[in-house]
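See structure below.
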Amino acid sequence: MTDREQWTSRRGFILATIGAAVGIGNIWRFSYVAGENGGAVFLGLYLIFVLLVGLPLVIAELSLGRRGQGDAVAAFEAAAHGGHWRLIGWVGIIGATLILGYYAVIAGWTLKYVADAALGDLWRNGERLTKGYGGYFQAFIASPAEPVFYQAAMLGLAMLVVAGGVKQGIELINRWLMPILALIVCGLAGYAITLPGSGAGVRFLLAPDWGALARPEVYAAALGQAFFSLGVGMSIFITYGSYLPKNISIPSSASVIVVGDTFFAVVAGLAIFPAVFAFGADPAAGPELAFVILPRIFLQMPGGAIAGTIFFFLLSAAALTSMVSLLEVSVAMATHRLGMGRRMATAVLGAVVFLLGLPSALSFSVLDGVRINGAGVFDTVDAAVSNILLPLGGILIALFVGWRVERRAALIAADMPENWFGGLWIWLLRTVAPATILVVFLRWAVG
């Protein structure tokens, strides 16, 4: 077996892994879900779930990956010495592939807006339509061709990066993009909070309305967002952990990754909500917040066309880094388990992902009349991803590392000390993480 690629440095690994976590979920999805679920209370619950559930799972996934030194299936084979536990790895690989098909569609929307914003079409034509930016967005997604074109374009970019390998592809692009995206999101937040009336948006995100705690759906939304934002349960951290050298501490790296991911989500909220309130828009506008409400706000801002173009570039670049990590999960499997070359594996699996994403891309056009339990194809996939696939992957990993792997072996693999701190991690994996996921999942299922 040839030597496995590794990250060139801890910094490169952390930037690549933050890039894997930071994506549309931190900016587009976090903003509208927070808006629909009470702002500050949702944010507080989100942070609690990230700390008690997300961080322990990130550490668990990274430790499994580094121990297995292969794909997600190999990670469970190495930890359990064979057996049916390898099926958890397949759950992660299949889940990541299905998620990427749906994710590429949304990423394509962001690329469409980048192109139209840069060319000026977004600002010239959006408000001239009869229904404004709502009509602009609906006309785009109702087209049978345009969403598919942009879906393919974003997927093609992700394939180019993954085909370049760990060092010259994934790590290289994140070394450049992540610092740039951090500067952009901070700049946009700084700009937004200077707008007249923006204080209401800051208070909405940071000053809790405790009455929202009585709404069970807020808890489910916060947990779902923690999973969607971090990317746990999709074998991303297992795959990236398999390229991790032994001399890099997993707990400290995982902490930096989680803090970096959360930083992007919160600062993106500070970039969006002050602007939303400053111009009297509805923070609970839902998924259309980024694509319908924000362009109208940017159009009214001084220098808004420039700020809007930068914002949509941020959105599309963050989407690209997450797409790269999702694609790498299945490519790592194909190269390790099937013996395929990296470029061939990327081409074949990229084509598979494109076909899997077509129903979501066509959900608002050719498949507009298709309903599954009353919901369209796109909404059904979104619910399945956030509320079923990710929690399922998370609870299986928590139970496996917490109960199946021998305690001392789990602590050693995760660079955890055999004291109260390591014991706390094991306890969170054994009890808090699975119980929290299960309770919130059941509440969503019956609600």
Just to check your reading of the model, which residue among Ser330, Ser386, Ser322, Ser360 is modelled with pLDDT of 95 or more and on the phi < 0 side of the Ramachandran plot? Ser330
For segment 175-293, which helices (runs of 4 or more DSSP H) that fit wholly inside it have 2 or more residues that are under 15 Å from Arg29 (Cα atoms) and under 22 Å from the mean Cα position of the chain (by Cα)? 216-230, 250-278
Just to be sure I understand, how many residues within segment 210-269 are in contact with a Phe, Trp or Tyr (Cβ under 9 Å, 6 or more places away or on another chain), under 25 Å from Ala40 (Cβ atoms) and aromatic (Phe, Trp, Tyr)? 4
Return the only residue of Ser386, Ser363 being crowded, with 19+ Cβ neighbours inside 10 Å and within 30 Å of Arg67 (Cα to Cα). Ser386
I'd like to check something: does segment 152-169 contain any residue that is out of contact with any Phe, Trp or Tyr (no Cβ under 9 Å at 6 or more places or on another chain), touching a residue at least 12 places away in the same chain (Cβ under 8 Å) and farther than 21 Å from Arg342 by Cβ? yes
Would you mind stating whether Tyr150 is modelled with pLDDT under 90 and either under 23 Å from Ala317 (Cα atoms) or out of contact with any helix residue (DSSP H, G or I) (no Cβ under 9 Å at 6 or more places or on another chain) (or both)? no
With the condition kept exactly as written, say whether any residue in segment 399-407 is under 24 Å from Glu217 (Cβ atoms) and over 23 Å from the mean Cα position of the chain (by Cα). no
Gly369: passes all of (1) within 30 Å of Pro245 (Cα to Cα); (2) modelled with pLDDT under 90; (3) among the small types (Gly, Ala, Ser) but (1)
Test Leu338 against the criterion of being surrounded by fewer than 20 Cβ atoms within 10 Å (Cβ to Cβ), without any contact (Cβ under 8 Å) to a residue 40 or more places away in the chain and in contact with a Pro (Cβ under 7 Å, 6 or more places away or on another chain), and give yes or no. no
Given the conditions (1) within 21 Å of the chain's Cα centre (by Cα); (2) at positive phi, and given that Gly374 satisfies all but one, which numbered condition is not satisfied? (1)
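Residue-by-condition table, conditions (1) within 28 Å of Pro56 (Cα to Cα); (2) crowded, with 19+ Cβ neighbours inside 10 Å; (3) among the β-branched types (Val, Ile, Thr):
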| residue | (1), (2), (3) |
| --- | --- |
| Val162 | yes, yes, yes |
| Gln168 | no, no, no |
| Asn174 | yes, yes, no |
| Leu188 | no, yes, no |
| Gly201 | no, yes, no |
| Leu206 | yes, no, no |
| Gly211 | no, no, no |
| Ala221 | yes, yes, no |
| Ala226 | yes, yes, no |
Tell me the residue from Met333, Met344 that is over 18 Å from the mean Cα position of the chain (by Cα) and in contact (Cβ under 8 Å) with a residue 60 or more places away in the chain, please. Met333
Yes/no for Ile27 being part of a helix (DSSP H, G or I), closer than 28 Å to Val329 by Cβ and modelled with pLDDT of 90 or more: no
Being at pLDDT 85 or above and polar (S, T, N, Q) is the filter here; which residues of segment 30-58 pass it? Asn37
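Working only within segment 370-415, note down all residues that are in a loop (DSSP other than H, G, I, E, B) and more than 25 Å from Arg29 (Cα to Cα).
Val405, Glu406, Ala414, Asp415
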If you take the residues in segment 56-103 that are at negative phi and outside any helix (DSSP H, G or I), which one is surrounded by the most Cβ atoms within 10 Å (Cβ to Cβ)? Asp71
In the set Ala21, Ala96, Ala107, the lone residue that is under 17 Å from the mean Cα position of the chain (by Cα) and farther than 19 Å from Ala317 by Cβ is Ala96
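The values are calculated or read from the model by the stated rules, or taken from the named source; none is laboratory data. Bear in mind that the values here come from a model prediction, so they are computed numbers and not experimental data. Here Cβ is always computed from backbone atoms with ideal geometry, including for glycine, and neighbour counts include all displayed protein chains.
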